[in-house]
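Here is the structure we will look at.
The values are calculated or read from the model by the stated rules, or taken from the named source; none is laboratory data. Just so we're clear, the structure is a prediction, and the values are computed from it rather than from any experiment. FYI the Cβ positions are ideal-geometry reconstructions off the backbone, even for glycines, and counts take in every protein chain you see. The area values use the complete protein model at the heavy-atom level, side chains included, leaving out ligands, DNA and RNA. Shrake-Rupley method; radii C 1.70, N 1.55, O 1.52, S 1.80 Å.
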Amino acid sequence: MIFLKAGVHAAVIDTALVILDLEADHYFCLPNGGETLVRRPDGGAEVLRGPARDTLEAAGLLQAEAPPLVRTLPAKPSRTAIYDPAEVSWRDLLAGLAATLDVRKIKPGSGIAAYLSEPSLRPSPEPKVLRAARAFWRLQPWLPIEGECLVRSALLVRALHRQGLEAQWVFGVRLFPFMAHCWVQAGDTCLNDDVERLSAYQPLLCR
């Protein structure tokens, strides 16, 4: 059996196979490669024989050994927490400021992998995660840092970690036109975006 290399993630959209290579910090698409990928129960991805596998192998994106276990891709969230009422405590403020300092240490242009260097924690009680995430959403506009979805999600993940909490950081892609996006979710609830926006994206990586 042949597998996607560790650090290489994929999504199937209709007949297309979309690849994210974290080491190269690069996305690319094989228009008819979707049937080549078989998702395993452990979260890994097996690649079947065919022209698409030959292309991936030539690009150095495959390996003979099963890669380390990865998180299973979640279902798309069905609701959002960003409109829920929230109270911000001093603990939330300190966690937000600490997360800001952490993210500002990452050099601009470092790529996705640099933001994913934060180690994961054990699963957390969902009510605690939702409360902290709602507070962070209210606090975020006042933090001394700006950025798109990657920075915003990195901030939220780190702010949760500072309170001993863990959520799922999901990366997704869409085609026609191609776009990549990321968000944070707990169960079926998105913590930092609208579900209407996310409906167009197919998850390919979860941390």
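A few comments on the model shown:
Yes/no per residue for (1) buried (at least 16 other Cβ atoms within 10 Å of the Cβ); (2) acidic (D, E); (3) over 18 Å from the mean Cα position of the chain (by Cα):
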{"position": "A16", "(1), (2), (3)": "yes, no, yes"}
{"position": "L20", "(1), (2), (3)": "yes, no, no"}
{"position": "N32", "(1), (2), (3)": "no, no, yes"}
{"position": "E57", "(1), (2), (3)": "no, yes, yes"}
{"position": "G60", "(1), (2), (3)": "no, no, yes"}
{"position": "A64", "(1), (2), (3)": "no, no, yes"}
{"position": "P77", "(1), (2), (3)": "yes, no, no"}
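- The single condition among (1) modelled with pLDDT under 95; (2) buried (at least 22 other Cβ atoms within 10 Å of the Cβ); (3) not polar (S, T, N, Q) that V157 does not satisfy is (1).
- Put simply, of T72, T36 the only residue that is over 21 Å from the mean Cα position of the chain (by Cα) and among the β-branched types (V, I, T) is T36.
- Failed condition for G43, given (1) of a type outside the set (A, V, I, L, M); (2) modelled with pLDDT of 90 or more; (3) open to solvent by less than 50 Å² (accessible area, probe 1.4 Å); (4) in contact with a Cys (Cβ under 9 Å, 6 or more places away or on another chain): (2)
- Yes/no for S124 being under 23 Å from R71 (Cα atoms), at pLDDT 95 or above and either surrounded by 14 or more Cβ atoms within 10 Å (Cβ to Cβ) or hydrophobic (A, V, I, L, M, F, W, C) (or both): no
- Test: residue in the stretch 82-103 that is basic (K, R) and within 22 Å of the chain's Cα centre (by Cα): no
- Filtered residues of the stretch 15-55 (kept if in contact (Cβ under 8 Å) with a residue 40 or more places away in the chain, in a loop (DSSP other than H, G, I, E, B) and within 19 Å of H181 (Cα to Cα)): L22, E23, D25
- Test: residue in the stretch 190-200 that is closer than 14 Å to I82 by Cβ, surrounded by 19 or more Cβ atoms within 10 Å (Cβ to Cβ) and touching a Ser or Thr at 6+ places or on another chain (Cβ under 6 Å): yes
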